[in-house]
1. Got a sec? Which helices (runs of 4 or more DSSP H) wholly within segment 386-464 have at least 2 residues that are of a type in the set (Lys, Arg) and more than 20 Å from Cys230 (Cα to Cα)?
2. For Lys172, which of the numbered conditions (1) crowded, with 20+ Cβ neighbours inside 10 Å; (2) farther than 16 Å from Ala108 by Cβ; (3) not β-branched (Val, Ile, Thr) fails to hold?
3. Condition test on Thr144, is it away from the ligand (no atom under 16 Å from the Cβ), crowded, with 16+ Cβ neighbours inside 10 Å, more than 22 Å from Ile231 (Cα to Cα) and at pLDDT below 95?
4. Scan segment 477-491 and tell me whether some residue there is part of a loop (DSSP other than H, G, I, E, B), touching a helix residue (DSSP H, G or I) at 6+ places or on another chain (Cβ under 7 Å) and over 30 Å from Asp96 (Cα atoms).
5. If I filter segment 332-373 down to residues being of a type in the set (Val, Ile, Thr) and modelled with pLDDT of 95 or more, which single residue comes out as nearest to Ala421 (Cα to Cα)?
6. For segment 266-313, name all the residues that are within 14 Å of the ligand (Cβ to nearest atom), under 19 Å from Lys30 (Cβ atoms) and without any contact (Cβ under 8 Å) to a residue 40 or more places away in the chain.
7. Go through segment 266-300 and report how many residues are at negative phi and surrounded by fewer than 24 Cβ atoms within 10 Å (Cβ to Cβ).
8. Can you find a residue in segment 285-295 that is of a type in the set (Gly, Ala, Ser) and closer than 27 Å to Ile413 by Cα?
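The values are calculated or read from the model by the stated rules, or taken from the named source; none is laboratory data. Predicted model only: the values in this text are computed from it and were never measured. Please note: Cβ atoms are built from the backbone with ideal geometry, for glycine as well, and neighbour counts cover all protein chains shown.
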Amino acid sequence: MTQQDQNQLMETAKTIADQFKLPENGYLQKTVEEYVKQSLHGLAHQDPVGIPMLPSFVSSMPTGKEKGTFLALDLGGTNFRVCLVKLLGNSKHTIDQIKEAVNPEIMASDMKTFISHLGDRIVSFLEIYYQSFLEQCAHDPESTPELKAGFTFSFPLHQTAVNRGTLIRWTKGYSINDAVGKDILQALQQELDSRGLRLHLTAVINDTVGTLLTRSYSKPVGCGPTIIGCIFGTGTNGAYSEPLANITKLGAEELAHVAPGKDSMVINTEWGAFDNALKVIPNCKYDKLLDANTPNPGFHMFEKRVSGMFLGELLRIIMVELHDAGLLFTTNEALEALKYPSPAHAKDGKTQNALRVPWSMNTAVPATLDGESNNNNNNNNNNNDDFTHSRKIMYEHLGFEPNQDELAALSVIACAIGKRAAYLSAVPLAGAVLHSRALERFDTIDVGADGSVIEHYPRFQEMIFEALEQTELGSKGVARITMGIAKDGSGVGAALCALEAEGCL
Ligand code: GLC
């Protein structure tokens, strides 16, 4: 690469990075206010394009003393997990589980194939971890005690009770069209019954609700009450507790399914759908290109700027543009490698190099570039950057190692994508804290979080807190907020909600 090419690449990368910069001067607070406004609308109306603000019919929070053994099912944007969770009653649990990525064919199949796939996975789990239960179901079903199960289903459900909910729409990568409008829990129950399994699905919850319950169950002594459960993973979303009186869209029939004596209910906000109309959230050229190629264009627009399914894809789209402009991957080695499927994808039978395959670029790619670039900046070592891991992950994705200048330019873009994602993530968090007025009631409050981005994207949580300080919460408010990972949030949450469904929480 000549010096001139290097300069041109870096200049172009900086111009692209600028498109991911959020405006200054009160932008975050203004966006928080818009979030609160849109979420209040969602509590009062069922608006198909607004923030759904979905009632969960979960009204109790665990104390950490709960006990019991439950089967927990957990379907997310990437994996389906089947777990046996034992709540030990001292804020601790044990978990046996199998986890498998749901393959793209299933994600785009039909309801029958999908439900039967879930049934197969449950049987595989029982064969490994609970063979005696399977045998008893086969030989003496009448005397087999029913095993209670909770289902964490991480997609928007219109719930009318803790065990009733129809799918509103798919998000993330799913498109099983005939499942929309159907009650997933009931369909799975029928499948399990038809297989003669003595499993009783007593509750269905969102992963954010599971995270909220799990963090309440397991948080360290001394933390304030957990008021939000949130996910920054393949998708993003949050749940918090709202007084029933404010959920004015609930009808008398639905209110009849609220546990007696309760005056609040956990709301699954589905904040991924914040500002679908793009009043305040950014919408640069690359956001538009990305959205056009999703199964749900125009929906979950906030999520498409924040979560793990999308950050790698944004970078891939930009790489394609830079390559087509003759600025990136121009060496003979790169040009040759780009003719073939890359190592990570060759085994999937992909015939193209991952550069040209939509959704093939894992968010680990920008995360690694971002992490190494931050290390480099901290070491003030810009000319001798150590992109060791970036080189490796790029090799896995593309089949060659980009050169130092290319990695430096791409890291500038990755940092911009990551920072925008983390700063935007602060918006609904600040919105929920301010709207709940929790800081007026408690000295400190706690947030439970889960998901691959918050766990693995370098400095993601730190950047969220930086951004929170720029909202009305200020540094004093933010100092009174703790955030912790809710380990096994979806699995333990499913067990806790199965307990709640029995009226034991
Ligand atoms: C998507 C889903 C939502 C889920 C989130 C995190 O936004 O619609 O239900 O909680 O991803 O997994």
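1. Working: elements: 388-398, 404-436, 438-441, 452-456.
Once the helices (runs of 4 or more DSSP H) in segment 386-464 are filtered for at least 2 residues that are of a type in the set (Lys, Arg) and more than 20 Å from Cys230 (Cα to Cα), what remains is 388-398.
2. Looking at each condition in turn, Lys172 falls short on (2).
3. Here the answer is yes, as Thr144 does meet what is asked.
4. Yes: segment 477-491 contains one or more residues that are part of a loop (DSSP other than H, G, I, E, B), touching a helix residue (DSSP H, G or I) at 6+ places or on another chain (Cβ under 7 Å) and over 30 Å from Asp96 (Cα atoms).
5. For segment 332-373, the residue satisfying everything is Thr363.
6. Met301
7. 22
8. Among the residues of segment 285-295, at least one is of a type in the set (Gly, Ala, Ser) and closer than 27 Å to Ile413 by Cα, which makes the answer yes.
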